[in-house]
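Take a look at the structure set out below.
The values are calculated or read from the model by the stated rules, or taken from the named source; none is laboratory data. Note that the structure is predicted; figures quoted are calculated from it, not measured. Positions of Cβ are generated from backbone atoms using ideal geometry, with glycine treated the same way; all protein chains shown enter the neighbour counts.
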Amino acid sequence: MKQILTAALLLLAMTASAQKNPMRGYVVTLQNDTLRGTVDYLSGTKNAWTCLFRRDGETEFKSYTPQDIKGYRLTDNGAYYVSRTLPLHGEQQTFFAEYLLKGGVNVYRHEEGDRDYFYLEDEDGQIAELQGREHYDLSQQETSSERHKALQSAFLLLAKSEEAKKALWESRINSRNLVDITRRYNEQFCTSSGDCIEFRYSERQTASTTIRLRAEGGIAVNQLSVGGGRKNVLAPRIAVGVDWQFPRFNPGFSLQAALACSFGSTDMETAKRYTHNKVPVADQWKVKYIQLALQLGVAWRFIPKGKVCPYVKAGFSNEILIFSMDKVTHYVYNDEQTKGVPQLCWYAGGGVSFAVGSHRLYIDGSYGHTLLKGSGEFKYVPQTVTATIGWMF
C-alpha cells in the first residue's frame, strides 16, 4: 500500500510540473516594436493561445495573448506565429496562427490536439479553410462529393490554376504539400506580390515531450480464489493517468502511467472436501474487496493525427488487493479477516480513439495476468479483463 501511495504522489508531482522548452526568439508588439529574448516554445496547441516570453535582461516569463501582441517568432528562421482572426469550429476566433508561407496567397496552420487546420488567404482577404489529412488517402476513405465539398473553398481561391487544383485533389492535406502547391501558384499568378517567403514548420523545434491527462470508467472481470475455489466477479472500474508523447522521436509512441481502482463483493466457497463418512462439504465466505493498481507501460498509435486512431498497449501493473472476509458455516459468521495482498501483473490491450476538438474519446480493452500470485487462503488470481471508455484531455 505504501508503494502505491508513493507512486501516486510521484505521478501527481510529475504531471503538475510544467514542461519547458526555452528557445531564442522575439515578439512584435502592437506598436511594431521588436522585443528580443526567450520564448517558451511548447506544443502547437498551447502556442496558439499563449506566448510565454522572457525579455532579455528580465528574470520572469510573461504571458501574452493574441490580443496583446502582433506575433512572435523563433530566431534563425524558426517557426513564426501571427495574431489572426480565422474561422474555427464554425465561428471567428482570434489566435496565434503559424505562418507557413507569405505571398500573393498566404498559408497558415493551426494545431489543436491531434488535428491540423490550414488556411489559405488571397490578396483580397478571402479565406479558404482546410482540415489536415496526413495519415490516410481521402480518395479511398471518402466519396468524391465529400472530398470536393471539403476542398471547394480552396478550389475557388486557386481557380486560376487547373494544375494547383489537380495537385490539391491528389495530395494529402499537410504542411509540406500545401506550401509547395501554393508557392507554385504564387510564382505563376501572384508575381506582383514579390517572392514568396516560406516559414517552414519544423517538428524538431517543438517541445520534446507532451503530457496529456486521461480519465476513464468501465467494468473489470476479476478472478478470485478462496481455498482452491475460484469465481469471476464483475466489478466497476475507474482510472486516471497520463500519456507522455514524444513528437520529435515518434508521434505514434507514448509512455503511459495510470492509477486504477475496482471494487466489488461476492459470495464464495472453497473447493469441496470430504468428511470421514464421505460427505462433500465446503466453507462459504462473504467477500468484499478493493483492487488498487499502478500501471506503467507503452502504447503505439497507428494514426496519431487521424480522426479515428486505433492503438495497442502493454506494460506491468503493481497491484494490491484489500479485502474483508466473513466465513459462514451453517449460516453462523466466524471472525472477520481484513488483509492486503500484493500482486505483480502484466497487461496487454488496445482500443480506438476518436478526435473531439482538441481532445479524444477512446474505447479501451485489456487483459491482465498475474506474474506473482498472492499467498494465503484468499488470492486474486490469475487474470483480469477490463472494458472502459475514457477521455483524453
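Residue by residue, here is whether (1) exposed (fewer than 14 other Cβ atoms within 10 Å of the Cβ); (2) at pLDDT 80 or above holds:
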site	(1), (2)
Val308	yes, yes
Gln343	no, no
Ser353	no, yes
Phe378	no, no
Val385	no, yes
Query - the stretch 71-102: number of residues that are surrounded by fewer than 22 Cβ atoms within 10 Å (Cβ to Cβ) and assigned to a loop (DSSP other than H, G, I, E, B) - result: 6
Query raised in the report: Which of (1) closer than 30 Å to Tyr367 by Cβ; (2) at pLDDT 90 or above; (3) in contact with a helix residue (DSSP H, G or I) (Cβ under 9 Å, 6 or more places away or on another chain) does Thr210 not meet, given it meets every other one?
Result: (2)
Report summary line: Within the stretch 37-70, the residues that are surrounded by 16 or more Cβ atoms within 10 Å (Cβ to Cβ) and small (Gly, Ala, Ser) are Gly37, Ser43, Gly44, Ala48
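Among the residues of the stretch 76-103, write down those that are over 18 Å from Asp124 (Cβ atoms) and in contact with a helix residue (DSSP H, G or I) (Cβ under 9 Å, 6 or more places away or on another chain).
Listed by number, the residues that qualify are Gly78, Ala79, Tyr81, Phe96, Glu98, Leu100.
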Query raised in the report: Is it the case that some residue within the stretch 52-66 is at pLDDT 95 or above, assigned to a loop (DSSP other than H, G, I, E, B) and of a type in the set (Asp, Glu)?
Result: no
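Residue-wise test of (1) at pLDDT below 85; (2) buried (at least 17 other Cβ atoms within 10 Å of the Cβ); (3) not assigned by TED's automatic domain parsing to the domain that holds Glu111.
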{"residue": "Cys261", "(1), (2), (3)": "no, no, yes"}
{"residue": "Ala271", "(1), (2), (3)": "yes, no, yes"}
{"residue": "Val281", "(1), (2), (3)": "yes, no, yes"}
{"residue": "Leu292", "(1), (2), (3)": "no, yes, yes"}
{"residue": "Ala299", "(1), (2), (3)": "no, yes, yes"}
Query raised in the report: Which one is modelled with the highest pLDDT, of the residues in the stretch 228-255 that are of a type in the set (Phe, Trp, Tyr) and surrounded by fewer than 16 Cβ atoms within 10 Å (Cβ to Cβ)?
Result: Phe253
Query raised in the report: Just checking, how many residues over the stretch 144-173 are under 23 Å from Gly90 (Cβ atoms), of a type in the set (Ser, Thr, Tyr) and at pLDDT below 80?
Result: 1
Query - Hits in the stretch 66-99 (condition: touching a residue at least 40 places away in the same chain (Cβ under 8 Å) and either among the charged types (D, E, K, R) or not assigned by TED's automatic domain parsing to the domain that holds Leu52 (or both)) - result: Lys70, Arg73, Asp76, Glu98
